[in-house]
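Undergrad: Please read through the structure below; I'll follow up with questions.
The values are calculated or read from the model by the stated rules, or taken from the named source; none is laboratory data. Just so we're clear, the structure is a prediction, and the values are computed from it rather than from any experiment. With ideal geometry, Cβ positions are generated from the backbone for all residues, glycine too; neighbour counts draw on all protein chains shown. Remember, those area values only see protein heavy atoms, side chains included, never the ligands or the DNA or RNA. Shrake-Rupley method; radii C 1.70, N 1.55, O 1.52, S 1.80 Å.
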Amino acid sequence: MASVKGKLLLDNQPVVNGMLHITNSSNQVVTGRDGSFRFNVDQSLLSDIKVKVSSLDQATVSGKNLTEVMSKEIQAASAAVSVYYPIRVTRVEDFPADASKVQVHGQIIPAKGDVVSYFQVDKYRIGGVIKDADGKPVERAVVWFDRDLGEGFGKSTPTDREGRYSIYYWPEDEETNLSVTLGTKRYTLPKGKVFKMPENTSVEIDITLPRTGTVLVDAPPALVSITSAGAIYTGVLVGLNVPKDVPYSVSIPDKHGSFILTVSKKVWEQKPAFFETTASKFVEGRLFGGDTLPPNYIEAVEEDPKNITPLM
């Protein structure tokens with residue numbers, strides 16, 4: 001956490017008891033006798049934080065209530081605080097495959113002691129199809145996974161019209177109970193049987209419900225499990241704050257925060273700002289630090305810091 005301080009002034013006179021709204025926070029901040037205010041920010045949460053005047057009902061300047069003109073002038077004021085990791089450009093060189101482009105070598109610089117989670121595997125996916133004994137998709141069924149006599153990692157989305165479900169998880173080398181609920185019925189594996197999740201991969205588990213009873217048949221074709229590609233990747237990425245129709249590509253920061261951005265020379269000569277975002281995406285293949293992402297793969301969202309001037 002870091003403390004942010006400021007003052008609310010009108011013609012260099014403190015505004016006392018003004019109420020401020022800090023975006024990304026439900027708390028209101030009240031200005032002191034000298035117009036000062038203070039709030040805390042989480043330095044690990046990348047964001048552009050806006051400070052706006054939310055109320056002047058109890059506010060005074062020089063011990064006097066505010067006139068309508070004074071209130072309008074103060075309420076028009078705002079400020080912003082950007083929370084981001086500084087970016088250093090270490091070198092810029094011609095792109096070997098295209099003389100009209102440059103490769104910008106940069107590095108994210110965290111504060112001492114910071115541990116930055118760059119874009120990497122966060123969760124794997126379990127998905128599949130639930131069918132009835134006649135092979136028809138079952139809608140609104142929920143697949144449950146739990147370990148250790150009920151202590152576990154959760155339930156899937158309800159199946160859609162095609163019988164499909166999904167859940168995202170981090171696999172552990174443990175035996176897992178698998179069950180399916182449909183309305184008031186709960187289907188379980190045979191007594192004493194468990195499902196062992198494969199490590200470091202997503203998995204497709206297709207289940208056919210029994211015609212009678214509530215015990216699942218734990219063998220194909222009633223229960224079919226295969227590994228599948230893809231995972232949820234989450235973490236910090238860097239982008240260039242340019243219009244959407246301006247193409248560029250950027251690599252995933254490696255463990256040292258180093259990345260390479262490829263963009264046209266004309267765009268780079270205009271000294272565009274960088275942005276940082278914490279992205280979360282399902283990726284079909286495997287990605288590693290240093291891999292180049294497709295052009296315009298990431299976009300900044302409203303609260304992301306978008307005007308980062310690099311250190312040269």
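Undergrad: About the Cα centre, and with charges only on the beta carbon of Lys, Arg (+1) and Asp, Glu (-1), how big is the dipole of the chain? Nearest 20 debye, please.
TA: Numbers: 35 positive and 38 negative charges, 83 e Å.
Taking the Cα centre of the chain as origin, the dipole is about 400 debye.
Undergrad: Still on this structure, please answer the following. Which residue fluctuates most in the GNM of the chain (Cα springs below 10 Å): Asp42, Asp291, Asp245?
TA: Asp245
Undergrad: Also: Using a 1.4 angstrom probe and counting only protein chains, how large is the accessible area of Ile298 in Å², to 10?
TA: 10 Å²
Undergrad: Quote to one decimal, in nm, the extra length available between Glu73 and Asn296 on full extension: 0.36 nm per residue of separation minus the C-alpha distance between them.
TA: Details: separation 223, 0.36 × 223 = 80.28 nm, distance 4.04 nm.
Using 0.36 nm per residue and subtracting the Cα-Cα distance, I get 76.2 nm.
Undergrad: Once you have a ≥ b ≥ c as the square roots of the Cα gyration tensor eigenvalues for the stretch 83-160, tell me rounded if a/c is under 1.5, and otherwise prolate or oblate according to whether a/b is larger than b/c. Walk me through the numbers before you get to the answer.
TA: Numbers: a/c = 5.34, a/b = 2.12, b/c = 2.51.
Oblate is the answer for the stretch 83-160, as a/c is 1.5 or above yet b/c matches or exceeds a/b.
Undergrad: May I ask which residue of Pro96, Tyr85, Ser71 lies farthest towards the positive end of the charge dipole of the stretch 30-107, with charges of +1 (Lys, Arg) and -1 (Asp, Glu) on Cβ and the Cα centre as origin?
TA: Checked the options; the winner is Ser71.
Undergrad: Give me the accessible area of Leu182, 1.4 Å probe, in Å² rounded to the nearest 10.
TA: Roughly 60 Å² of Leu182 is accessible to a 1.4 Å probe.
Undergrad: Counting heavy atoms of the protein chains only and a 1.4 Å probe, report the per residue accessible area for the chain as a whole number of Å². If you can, show how the numbers build up before the last one.
TA: Working: 18020 Å² over 312 residues.
Roughly 58 Å² per residue, with all protein chains present.
Undergrad: For the chain, the longest stretch holding no trypsin sites (Lys or Arg not before Pro) located in a DSSP loop with at most 10 other Cβ atoms within 10 Å is which? Don't skip to the end; give the middle numbers.
TA: Details: sites that count: Arg33, Lys112, Arg161, Lys191, Arg211, Lys244, Lys255.
It runs 34-111.
Undergrad: When all protein chains stay in place, what accessible area (Å², nearest 10, 1.4 Å probe) is found for Asp114?
TA: Asp114 has an accessible surface of roughly 70 Å² with all protein chains in place.
Undergrad: Please work out whether the stretch 1-118 counts as rounded, prolate or oblate from its C-alpha gyration tensor, where a ≥ b ≥ c are the square roots of the eigenvalues and a/c under 1.5 means rounded, while otherwise a/b larger than b/c means prolate and anything else oblate?
TA: Values: a/c = 3.73, a/b = 2.39, b/c = 1.56.
Here the stretch 1-118 falls in the prolate category.
Undergrad: Now for a different question. Of the chain, which part is the longest with no GluC sites (Glu not before Pro) in a loop (DSSP not H, G, I, E, B) and with at most 15 other C-beta atoms within 10 angstrom?
TA: Details: sites that count: Glu139, Glu162, Glu172, Glu174, Glu199, Glu284, Glu299, Glu302.
Between exposed loop sites, the widest span is 1-138.
Undergrad: Quick one: Cα centre-to-centre distance for the stretch 144-223 and the stretch 56-121, in angstrom?
TA: Distance between centres, Cα-based: 46 Å.
Undergrad: I would also like to ask the following. Residue by residue through the stretch 215-229, what is 3J(HN,Hα) from phi via Karplus (6.51 cos²θ - 1.76 cosθ + 1.60, θ = phi - 60°)? Round to whole Hz and write x for glycine and proline.
TA: Computed from phi, the couplings for the stretch 215-229 are 9, 6, 7, 9, 8, x, x, 6, 9, 10, 10, 9, 6, 9, 7 Hz.
Undergrad: Also: Viscosity 0.890 mPa s, temperature 25 °C: what is the translational diffusion coefficient of the chain from Stokes-Einstein with a Kirkwood Rh over Cα pairs, rounded to a whole number of µm²/s?
TA: Values: Rh = 24.0 Å.
Rounded to a whole number, D works out at 102 µm²/s.
Undergrad: Rg and Dmax of the stretch 124-270, using alpha carbons, in Å: what are they?
TA: 21.4, 71
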